[in-house]
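**Student:** Just dropping this structure here.
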Amino acid sequence: MQDAFGHRISYLRISVTDRCNERCRYCMPQEEQAWFGSAEILSYDEMLRVLRVGVSLGISKVRITGGEPLTRPGIAQFCAQVAGMPGIEHVGLSTNGTWLGRPGQGGGTLADDLKRAGLASINISLDSLDRAAYQKVTGRDLLAEALAGIDAAFAAGFESVRLNCVLMKGHSESQIGPLIEFARVKGALLRFIELMPVSVTEVLGEDQFLSAGEAMRLAQAAAGELRPCPQFRTNGPAVYHELANGQRLGFIGAMTNLHFCESCNKLRLTSDGKLRPCLGSWLEFDLREALRGGADDAQLAQLILSVVERKPKEHDFRNNYQPNRRMIAIGG
């Protein structure tokens with residue numbers, strides 16, 4: 001699949017739930033959230049059907065997201081079905097990590113279940129190593145569980161464990177150095193992510209927004225000179241730099257990197273069955289109605305292709321973007 005601007009679409013992010021056990025202020029900034037009803041959420045079988053049609057059109061990489069995907073029952077079995085689908089080359093999952101260390105069904109942890117299911121990579125949100133600061137950002141006192149989950153992910157033997165830190169002015173400046181050292185000791189790939197006005201526009205205010213460039217300056221002050229590492233890439237838009245000790249750091253600058261969208265290769269399927277061609281656009285198209293209305297696979301394929309045709313050249317975040325969904329209802 002290729003859109004009108006030359007984006008070759010090979011990557012589908014599937015949100016399996018809008019529920020989460022944390023309340024991160026950049027994702028779900030209010031306690032009150034109108035959760036989707038159970039009848040509104042796609043079943044796993046419906047998600048797998050969309051994916052099978054997507055694979056026939058060129059999808060080869062999948063990331064499972066939420067909400068917090070590990071809160072949905074049967075998630076490991078679903079991941080196994082995704083990973084076992086012919087044509088799928090890579091399956092990853094994004095999580096806050098707090099459930100990874102819980103007991104699994106195979107005698108180990110949930111992280112062990114996910115590794116056996118065929119997941120190759122785990123992205124874990126970690127904005128602070130300080131308990132009070134972590135609780136302030138996430139709304140929950142779960143740092144110990146998150147750290148235990150990170151240890152469980154490494155013990156399970158994942159091919160890649162990545163730590164994602166969302167940059168917030170007045171918070172992240174003191175966290176960058178400790179997070180770099182933590183990632184070095186653990187052997188994790190650490191990325192710093194600029195705030196985007198997905199849930200609320202206020203995150204771009206002078207009192208909240210911290211740029212990737214400023215994070216890079218702070219990282220160098222804490223850990224030494226950073227050298228560009230253009231040959232190193234992952235599935236997403238991160239730009240990587242390398243410290244003298246060989247540790248790589250990623251920087252995701254959706255707001256300040258004017259080339260951010262040039263290599264976009266993804267679509268997003270929300271848990272309630274909307275297909276979104278771009279995170280930073282209001283555009284979304286209802287697959288649930290087609291799935292439950294008797295559409296055959298050829299009709300689903302045509303609908304997916306029509307969404308790709310409407311994929312914008314770049315996101316609208318710099319153009320006074322007004323959110324129409326919380327991030328938690330789109331998928332991380």
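The values are calculated or read from the model by the stated rules, or taken from the named source; none is laboratory data. Everything quoted here is computed from the prediction, not taken from an experiment. Positions of Cβ are generated from backbone atoms using ideal geometry, with glycine treated the same way; all protein chains shown enter the neighbour counts.
**Student:** For the list (1) under 23 Å from Trp35 (Cα atoms); (2) assigned to a loop (DSSP other than H, G, I, E, B); (3) out of contact with any Gly (no Cβ under 8 Å at 6 or more places or on another chain), I need the number of the one condition that Gly67 fails.
**Tutor:** Just one mismatch for Gly67, condition (3).
**Student:** With respect to Lys136, determine if the residue is outside any loop (DSSP other than H, G, I, E, B), modelled with pLDDT under 95 and surrounded by fewer than 18 Cβ atoms within 10 Å (Cβ to Cβ). So that I can check it myself, show each step before the final result.
**Tutor:** Values: outside any loop (DSSP other than H, G, I, E, B): yes; modelled with pLDDT under 95: yes; surrounded by fewer than 18 Cβ atoms within 10 Å (Cβ to Cβ): yes.
Considered against the rule, which asks whether it is outside any loop (DSSP other than H, G, I, E, B), modelled with pLDDT under 95 and surrounded by fewer than 18 Cβ atoms within 10 Å (Cβ to Cβ), Lys136 comes out as yes.
**Student:** Out of the residues in the range 259-295 that are farther than 18 Å from Val50 by Cα and of a type in the set (S, T, N, Q), which is modelled with the highest pLDDT?
**Tutor:** Among those that are farther than 18 Å from Val50 by Cα and of a type in the set (S, T, N, Q), it is Ser263.
**Student:** Also, I was wondering about something else. Would a scan of the range 254-272 turn up a residue that is crowded, with 19+ Cβ neighbours inside 10 Å, farther than 23 Å from Ser60 by Cα and touching a helix residue (DSSP H, G or I) at 6+ places or on another chain (Cβ under 8 Å)?
**Tutor:** There is at least one residue in the range 254-272 that is crowded, with 19+ Cβ neighbours inside 10 Å, farther than 23 Å from Ser60 by Cα and touching a helix residue (DSSP H, G or I) at 6+ places or on another chain (Cβ under 8 Å).
**Student:** Suppose we keep only residues that are modelled with pLDDT of 90 or more and assigned to a loop (DSSP other than H, G, I, E, B) within the range 23-48. Which one would you say is surrounded by the most Cβ atoms within 10 Å (Cβ to Cβ)?
**Tutor:** So the first thing to find is which residues in the range 23-48 are modelled with pLDDT of 90 or more, and the list is 39-48.
Subset that is assigned to a loop (DSSP other than H, G, I, E, B): 39-43.
Details: Ala39: 7, Glu40: 12, Ile41: 22, Leu42: 25, Ser43: 13.
It comes out as Leu42.
**Student:** Given the conditions (1) modelled with pLDDT of 95 or more; (2) farther than 21 Å from Thr270 by Cα; (3) out of contact with any Leu (no Cβ under 9 Å at 6 or more places or on another chain); (4) surrounded by fewer than 17 Cβ atoms within 10 Å (Cβ to Cβ), which single one is not true for Arg102?
**Tutor:** Arg102 satisfies every listed condition except (3).
**Student:** Check the range 46-66 and report whether any residue there is of a type outside the set (A, V, I, L, M, F, W, C), in contact with a helix residue (DSSP H, G or I) (Cβ under 8 Å, 6 or more places away or on another chain) and closer than 30 Å to Gln135 by Cα. Break it down stepwise before answering.
**Tutor:** The first filter runs over the range 46-66 and keeps only residues of a type outside the set (A, V, I, L, M, F, W, C), leaving 46, 49, 52, 54, 56, 58, 60-61, 63, 65-66.
Filter once more, keeping what is in contact with a helix residue (DSSP H, G or I) (Cβ under 8 Å, 6 or more places away or on another chain): 46, 49, 52, 54, 56, 66.
Of the ones still in play, those that are also closer than 30 Å to Gln135 by Cα are 66.
The answer is yes, given that some residue of the range 46-66 is of a type outside the set (A, V, I, L, M, F, W, C), in contact with a helix residue (DSSP H, G or I) (Cβ under 8 Å, 6 or more places away or on another chain) and closer than 30 Å to Gln135 by Cα.
**Student:** Still on this structure, please answer the following. Only one residue in Arg72, Arg63, Arg116 is at negative phi, of a type in the set (Lys, Arg) and crowded, with 21+ Cβ neighbours inside 10 Å. Which one? Steps first, please.
**Tutor:** Values: Arg72 fails: crowded, with 21+ Cβ neighbours inside 10 Å; Arg116 fails: crowded, with 21+ Cβ neighbours inside 10 Å.
After ruling out the rest, the residue left standing is Arg63.
**Student:** So Met85 fits all but one of (1) outside any helix (DSSP H, G or I); (2) under 13 Å from Leu269 (Cβ atoms); what number is the exception?
**Tutor:** All conditions are met except number (2).
**Student:** How many residues does the range 144-179 contain that are of a type in the set (A, V, I, L, M, F, W, C) and closer than 27 Å to Ala254 by Cα?
**Tutor:** Narrowing the range 144-179 to residues of a type in the set (A, V, I, L, M, F, W, C): 144, 146-148, 150, 152-156, 158, 161, 163, 165-168, 176, 179.
Restricting the remaining residues to those that are closer than 27 Å to Ala254 by Cα gives 146, 150, 161, 163, 165-168, 176, 179.
Qualifying residue count, the range 144-179: 10.
**Student:** Shifting gears a bit: Run down Arg63, Arg23, Arg49 and say which single residue is within 18 Å of Ser306 (Cβ to Cβ) and among the basic types (Lys, Arg). Quick ask: steps written out before the conclusion?
**Tutor:** Values: Arg63 fails: within 18 Å of Ser306 (Cβ to Cβ); Arg23 fails: within 18 Å of Ser306 (Cβ to Cβ).
Arg49 is the lone residue from the list that is within 18 Å of Ser306 (Cβ to Cβ) and among the basic types (Lys, Arg).
**Student:** Something else about it: Within the group Asn320, Asn235, which residue is within 29 Å of Ala223 (Cβ to Cβ) and at pLDDT below 80?
**Tutor:** On the way: Asn320 fails: within 29 Å of Ala223 (Cβ to Cβ).
Exactly one residue qualifies, and that residue is Asn235.
**Student:** If you don't mind, another one. Tally time: how many residues in the range 129-156 are of a type in the set (Ser, Thr, Tyr) and touching a residue at least 40 places away in the same chain (Cβ under 8 Å)? Spell out the reasoning first.
**Tutor:** Filtering the range 129-156 down to residues of a type in the set (Ser, Thr, Tyr) leaves 134, 138.
Keeping just the survivors that are touching a residue at least 40 places away in the same chain (Cβ under 8 Å) gives 138.
Residues in the range 129-156 being of a type in the set (Ser, Thr, Tyr) and touching a residue at least 40 places away in the same chain (Cβ under 8 Å): 1 in total.
**Student:** Please count how many residues of the range 52-92 are farther than 12 Å from Gly118 by Cα and free of Cβ contacts under 8 Å to residues at least 40 places away in the same chain.
**Tutor:** Residues flagged as farther than 12 Å from Gly118 by Cα and free of Cβ contacts under 8 Å to residues at least 40 places away in the same chain within the range 52-92 amount to 5.
**Student:** Can you tell me which residue within the range 174-215, out of those that are part of a helix (DSSP H, G or I) and either in contact with a His (Cβ under 7 Å, 6 or more places away or on another chain) or among the acidic types (Asp, Glu) (or both), is modelled with the highest pLDDT? So that I can check it myself, show each step before the final result.
**Tutor:** Here is the first cut: in the range 174-215, the residues part of a helix (DSSP H, G or I) are 174, 176-186, 201-204, 212-215.
From what is left, the residues that are either in contact with a His (Cβ under 7 Å, 6 or more places away or on another chain) or among the acidic types (Asp, Glu) (or both) are 181, 202, 214.
On the way: Glu181: 98, Glu202: 58, Glu214: 95.
Here the answer is Glu181.
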